[in-house]
Amino acid sequence: MPRTSLNARAARILERMEKEYPEVECALSHDNPLQLLVATILSAQCTDARVNMVTPELFRKYPDAAAFARADLRQLESTIRSTGFFRSKARNLRESCRAIQKRFGGRVPGRLEDLVTLPGVGRKTANVVLGSAFGIPGITVDTHVGRLSRRLGLTKQADPVKVELDLMKLIPQKKWSSFSLQLIWHGRKVCHARAPRCGECTLMSLCPYPSQTGAVGGHTTGSSARFRHA
């Protein structure tokens with residue numbers, strides 16, 4: 001597809017997403033950048049709802065980077081056990097906070113190039129923190145964003161970084177964070193991995209996926225004034 005046509009279709013997709021999901025925000029409960037960083041690391045292979053059940057006790061025990069940095073690993077593992085992969089997550093949390101203490105004065109850095117140097121932090125986690133804690137736009141490519149971007153024909157890439165770069169060319173920078181959350185919510189509500197509800201999708205007329213697969217069905221869906229990435 002010519003770039004001009006792709007840009008125009010991306011603009012229409014963005015317009016419909018903004019009408020369907022006018023207000024989106026990260027559903028990981030947090031009061032500061034460190035808490036969001038910790039919660040996002042815990043959210044790998046885990047639901048946001050489960051993370052939000054764990055973090056109140058976690059943040060009481062470890063109120064700042066210094067507390068995480070000196071944490072007893074077994075006690076930290078025990079507190080986050082229900083989020084899965086708790087051993088590697090505990091190590092990453094402690095080592096990231098040690099790096100934050102040593103290299104960034106105890107404060108979570110507000111630059112992507114610094115965040116991705118922390119253990120357990122890739123571009124996806126960094127962009128979540130930048131967008132929701134610092135107000136710095138970024139494309140967050142999780143499984144939903146990758147899947148929907150390919151189904152919508154916005155990218156052909158499988159690698160998350162390449163998907164991110166393709167979307168950055170199509171979506172205005174100030175919309176990067178909100179568009180990511182809109183796709184995440186739409187992926188969870190409508191465009192499921194195994195049984196997409198194409199008949200309910202506000203993007204159906206702009207999406208090549210139904211005609212390619214015959215995946216049409218479902219019920220009419222409504223929208224509400226506020227959506228959370230859950």
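The values are calculated or read from the model by the stated rules, or taken from the named source; none is laboratory data. Remember, it's a predicted structure, so these values are computed and weren't measured experimentally. No Cβ is skipped: glycine too gets one built from the backbone with ideal geometry, and neighbour counts run over all protein chains shown.
Here is a check on your reading of the model: is V141 of a type in the set (V, I, T), assigned to a helix (DSSP H, G or I) and buried (at least 22 other Cβ atoms within 10 Å of the Cβ)? No, not satisfied.
Filter the helices (runs of 4 or more DSSP H) completely within segment 2-73 down to those with at least 3 residues that are of a type outside the set (G, A, S), surrounded by fewer than 14 Cβ atoms within 10 Å (Cβ to Cβ) and without any contact (Cβ under 8 Å) to a residue 12 or more places away in the chain.
Helices (runs of 4 or more DSSP H) meeting the threshold: 3-20.
Here is a check on your reading of the model: is V163 within 24 Å of S5 (Cβ to Cβ), aliphatic (A, V, I, L, M) and either under 13 Å from the mean Cα position of the chain (by Cα) or not in a helix (DSSP H, G or I) (or both)? Give the derivation first.
Details: within 24 Å of S5 (Cβ to Cβ): yes; aliphatic (A, V, I, L, M): yes; either under 13 Å from the mean Cα position of the chain (by Cα) or not in a helix (DSSP H, G or I) (or both): no.
No.
Applying the condition of being small (G, A, S) and in a loop (DSSP other than H, G, I, E, B) to segment 102-138 and asking which residue is nearest to N92 (Cα to Cα) yields G120. Per the listing R98, R87, the residue uniquely in contact with a helix residue (DSSP H, G or I) (Cβ under 7 Å, 6 or more places away or on another chain), of a type in the set (D, E, K, R) and surrounded by 15 or more Cβ atoms within 10 Å (Cβ to Cβ) is R98. Picking from residues in segment 74-83 that are in contact (Cβ under 8 Å) with a residue 24 or more places away in the chain, of a type outside the set (A, V, I, L, M) and surrounded by 14 or more Cβ atoms within 10 Å (Cβ to Cβ), the one that is nearest to D48 (Cα to Cα) is T83. State whether one or more residues within segment 17-36 are in contact with a Gly (Cβ under 8 Å, 6 or more places away or on another chain), under 19 Å from I136 (Cβ atoms) and modelled with pLDDT under 95. Looking for residues that are in contact with a Gly (Cβ under 8 Å, 6 or more places away or on another chain), under 19 Å from I136 (Cβ atoms) and modelled with pLDDT under 95, one finds at least one in segment 17-36, hence yes.
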